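Here's the structure we're looking at; comments come further down.
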Amino acid sequence: MNQPADFLSLELCAHEHLDYVNKSLVSCVIIQTAERKKYLFKEADLKTFYVQNAPIYREITVKQNRKGLIFSGTAWDAFGFYHCLNYLEKYPGEILNVQGVILNDDKKKNRC
């Protein structure tokens, strides 16, 4: 954490570990928004590249007959997948389509 580095911020909890980083050794920041950069780095003058990690929402104008929920991504507790399963237990009439991967450790737990 005390080495020259570029900083990539695409996670929610970077601030928990940022105290361990020598910010004077950060050569540039790749981050989502100016607000997030200011939150993490205050007024530091760093070369900054803004990259979105989520698509821009566009409303679908074609009528859709699809019903249910979609989970797309890694079926991992840290990504909220098991919150979705808990929701389904409370609302058994709902449908959840899952597209993604399940981690080997989770497969062994027989949760999926």
Next on the checklist: One residue is enough: does the range 78-90 have a residue meeting the conditions charged (D, E, K, R) and either under 28 Å from residue 5 (Cβ atoms) or loosely packed, with under 12 Cβ neighbours inside 10 Å (or both)?
Outcome noted: yes
Going through the range 60-76 in order, the residues found to be at pLDDT 75 or above and not aliphatic (A, V, I, L, M) are 61, 65, 67, 68, 71, 72, 73, 74, 76
>> On the basis of being exposed (fewer than 11 other Cβ atoms within 10 Å of the Cβ) and closer than 30 Å to residue 105 by Cα, does residue 34 make the cut?
In response: no
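The values are calculated or read from the model by the stated rules, or taken from the named source; none is laboratory data. Because the structure is a prediction, the values reported are computed rather than measured. Glycine also receives a Cβ, built like all others from the backbone with ideal geometry; neighbour counts cover every protein chain displayed.
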